[in-house]
Amino acid sequence: MKLRLLVARFGEMDHFRWWNIRGILGRLGEIAVKRGFPRTHAFAQARVAFAVAAHRCREVFDPPRSMTLWSLPAEVEDRFESEWPRWIEHADSWAPYFAAIQVPQSKDFLQEASRLGLTDDATLLEVQQLRRASENRAVPISGEHRPSDRILTRLALGFFRGEPGELAVPYTRLGG
């Protein structure tokens, strides 16, 4: 959840301009949504951002028999979906994280991920070796993988290879 939130926030029009939403996870989005959802507004904002990010990533690059941060195997997406009620139940504990991503302290995506405690130095070094594919729409993670915390972190952090206005979708082939 935290990785998706960070990627979704950085992809907004007021940052990297990858998807056509502006500040939905920022202060503007909070103001717009809070009145209708006083306790759960941050999660409503996240739902919107996630839907837009997933759609845009599929438009740019949707490889078969692969996974991206926004297109995981059904069993993983089902588990993620089943966590929403628990996250909402503990909305107060999520407030500091939502506040932290509203206004990132750095324009450097990897630096923000590190500051927020979403990665370690070894993973950062590994991710920095990733390169954009020749068509510039994707960031391949070599090999075949099953979903794990490690690969999901790499799929999220691989977005750092995108540039403002030029989305590059990290992906890996699904392994058996």
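Using Cβ point charges alone (K and R +1, D and E -1), the dipole size of region 1-136 about the Cα centre works out to roughly 480 debye. Annotation note: trypsin sites (Lys or Arg not before Pro) in region 1-109 located in DSSP loop regions with a Cβ neighbour count of at most 15 within 10 Å are R22, R35, R39, R65, K107.
With both labels modelled 7 Å from their Cα along Cα-to-Cβ, the D149 to L125 distance reads 2.0 nm. Here region 2-174 is treated as an ellipsoid with the same Cα gyration tensor; its semi-axes, largest first and in whole Å, are 25, 18, 16.
Cα extents for region 52-120 along the principal axes, largest to smallest and rounded to whole angstrom: 36, 32, 25. Look at where the Cα atoms of region 66-98 and of region 1-36 average out, and the two centres are 16 Å apart. Taking the charge dipole of the chain about its Cα centre, with +1 at Lys and Arg Cβ atoms and -1 at Asp and Glu Cβ atoms, the residue from A91, H55, L118 reaching farthest to the positive side is H55.
Working from Cα pairs under 8 Å separated by at least six residues, relative contact order for region 2-174 is 28 percent. Footprinting exposure proxy ranking of W87, W70, W94, fewest other C-beta atoms within 10 angstrom first, gives W87, W94, W70.
DSSP beta bridges in the chain, what fraction antiparallel, as a percent rounded to 5? Taking every DSSP beta bridge within the chain, about 40 percent pair in antiparallel fashion.
FYI, it's all coordinate maths here, none of it is from the lab. Note that the coordinates shown come from a computational prediction; the quantities given were computed from them, not determined experimentally. Glycine also receives a Cβ, built like all others from the backbone with ideal geometry; neighbour counts cover every protein chain displayed.
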